[in-house]
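Heads up: the structure comes next, in C-alpha cells.
Any read-out appearing in this document is the output of simple, stated calculations on the displayed coordinates, not a laboratory observation. All values derive from a computational prediction rather than experimental measurement. Here the Cβ is made from the backbone with ideal geometry for all residues, glycine too, and neighbour counts use every protein chain on show.
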Amino acid sequence: METAMSVTFLGTSSGGGPSLSRNCSSLVADVLGDGSLWMVDCAEGTLRQFSRQPYSPDRSQPRVSQISKMFITHMHADHVMGIIPLLRNVLYPPPAGEVAEQVLVDPSPKIEIFGPAGIRTFVRSILKMTLTKTRDNYVVHELLTEQDQITPCDPPEVMHVNEVAGRDIVCSEDGFWRNISRGKGRLSDVAVDAGPILHRGKFMRSIHLIHPCHGFVPDPCLGFVFRECFHPYRKVVVLGDTNDPSAIIPLCVNPSPSLLVHEATEAHISQDIDPKSKRSFETVMGKAQGRGHSIPQMAGTFAKTIGAQKLVLNHIGGRFPAPGPNDRNPVRANVIAEIERQASEAWGMGSARAAWDFMRVAIPVPTETVGDTQASTSQQASCESEFPTPSHTRTIPSKPSSTRRYYHTHTQSPGSSSHHNNSSSNNRNNFNANGQQHRYREGGGRRADRSERQDEYGSRKGRK
Ligand SMILES: [Zn+2]
Ligand SMILES: [Zn+2]
C-alpha cells in the first residue's frame, strides 16, 4: 500500500509572475491517499498547469478532477485569480439547454473552499458576473476573526445558484482555527488547522486593534497545517506570504512538521554568484520587510524554530527564474543554489530546496518513532532521499554570501537563538555531496519539457 503523502507544486512564482519558467502560487497535497487532492492557493493559470505537467509513466500526476478541497491563504491576486476557471472545470457545465437548478441531482458540494474574509464574496460575485452555471455545487467556509464581517448566505437568493451555505468559522480565543476540516487518511485521520501570519497591511493611528504591532492593520493571511491525528503523526505546514509567521508557531510544534513550505520572495545575491546583481543586503531586506515577504534566511530560521524536517521554499521572486536543463549559462542554477544554501544554513537541519513548477515532495512514514534522537536522524536521512532531483547541475558557490549577518541583528522568531553556528560548513558539505551531480529526471515528458525550456532560453537570448 502506498503510504507516502506528497505535495506537488503547480506554481512557484511570487506575485511578480507568472514568468516563462514559473506560474504563480498553487500546490496540491495528497494527504489522504483516497484519490482526492487538497489544493493550497490557486493563481491565474493554475488550471493550465495541470495539462503542462511532465509525463509520468505511472500516471501519478495530479489531475484537476481529484481536487475536493481548496485552502486559500489570502486574497492577493496572485493567490486567487485561478479559482473561477478551476471551479468551472471541476464542477462541469450543466447539460446544454438546461439550467443549473433543473439538472442538479446531488445538492451536496463537490468542492469545499476555505479562506479568509472576502473569499465567499469573491467567488460568488465573479461566478454571478460571468453568468457561470455549473452542474455540481460548491461551498465556501470563511475563517473569520472577531473583527471580520460575516458574508451572509441568507436569504438563499443572495447566494450563487450553485452555492451551498458555508460555515462562518470564527477563530478561538487564542487566534487559531482548529479542526476546520478532516478526512480519513491511509494510516490516520487527517485534520486541518489554520493560523494567522503577518504579511502586509497598513498603519492606522486612529484604530486600536488587538495586534502585537499597535495600530497596524494587517491584510488577513493564513498558514495551513495538515496533520495526522494518530500515528505516524505526520504534519505538513504550508504558509501564505509572510515576513513574520511566528504567530502560528503553536500549531507547528509538538510534533514538529514533516514538511514546511515557506516563501522566499527576496534574496541577496552577491556579485561573485551573479555579476549582474546590484542590490545590497540592506536594500533586499528593506524591500522584503516593506512588502511583507521573506528572504531565505528567514525561512530557514523559522524552519529551525519549529524543527521542520524538510524545508521547501516557494513564492520565488521574478528575478530568480527556474533553471532549465539546457541553460548554458550557469548563473541561474548558481543563484538558486545560493538561495537554497542561505536557507539551509539558517535551518541547520538539512538541505532546503527552492521549489520549481511540478516539483513533487514525498513525505514517507517515518521509520521510527518521532522524539527519539536516533529516530530523528534516520527519519531525516530518509526524508532527504525523498527530495526529487533538481533539474539542473549546480556549481557550488566558493564562498558564503555576506547575508549571514542578518541573524546577528534582525532575527525575532521566538526560540531561535544562536543561529550562527557551525552548521554552515556542514551544509556546504551537504551541497557538495548531494548537489553537484544532480541529473534531470522527468520521465517520458523530458522531451516536451526540454523543448519548452529551450524556447524560453532562446527567447531570452534573443532579447539580449
Ligand atoms: Zn503572493
Ligand atoms: Zn500576498
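Compute the Cα gyration tensor for segment 106-190, then decide on rounded, prolate or oblate, letting a ≥ b ≥ c be the square roots of its eigenvalues: rounded whenever a/c is under 1.5, prolate when a/b is larger than b/c in the other cases, and oblate in all that remain. In terms of gyration-tensor shape, oblate.
Taking amide H as placed 1.01 Å from N in the peptide plane, the amide H of ARG234 sits under 5 Å from that of GLU228, each at least 5 places away or on another chain.
What is the calculated FRET efficiency for GLU146 to ASP272, with r their C-beta to C-beta distance and R₀ = 45 Å, to the nearest 0.05? Write out the running numbers ahead of the final one.
Values: r = 51 Å, r/R0 = 1.13.
FRET efficiency, GLU146 to ASP272: 0.35.
In this structure, the amide hydrogen of GLY223, modeled 1.01 Å from its nitrogen in the peptide plane, lies closer than 5 angstrom to those of GLY195, ILE197, GLY240, counting only residues at least 5 positions away or on a different chain. Computed from label points 7 Å out along Cα-Cβ, the spacing between MET129 and SER172 is 3.8 nm. Close amide-amide hydrogen proximity is noted between ILE67 and LEU37, each under 5 Å apart and 5 or more residues distant or on a separate chain (H modeled in the peptide plane; Pro and chain starts excluded).
Taking 25 Å as R0, compute the FRET efficiency from the Cβ-Cβ separation of ASP189 and ASP58 and round it to 0.05. Before the final figure, lay out the partial values.
Details: r = 27 Å, r/R0 = 1.09.
With a Förster radius of 25 Å, E is 0.40.
In terms of its alpha-carbon gyration tensor, segment 34-142 comes out oblate; a/c meets the 1.5 threshold, while b/c is at least as large as a/b. For segment 59-64, putting each phi into the Karplus relation 6.51 cos²θ - 1.76 cosθ + 1.60 with θ = phi - 60° gives couplings of 6, 9, 5, x, 10, 4 Hz, in residue order, rounded to whole numbers and with x for Gly and Pro.
Cross-link check: pairs LYS128/LYS310; LYS184/LYS310; LYS128/LYS287; LYS110/LYS235 evaluated at a Cα-Cα cut-off of 31 Å; pairs beyond the cut-off: LYS128/LYS310; LYS128/LYS287. Taken along the Cα-to-beta-carbon direction at a fixed 7 Å, the label points for THR121 and GLN66 span 3.6 nm. Under the combined filter of DSSP loop state and at most 13 neighbouring Cβ atoms within 10 Å, segment 55-163 retains these GluC sites (Glu not before Pro): GLU98, GLU146. Length gained on full extension, GLU2 to PHE230: 80.3 nm, using 0.36 nm per residue less the C-alpha separation. Note on THR283 and ALA165: their simple-model spin labels are 5.6 nm apart, each label 7 Å out from Cα toward Cβ.
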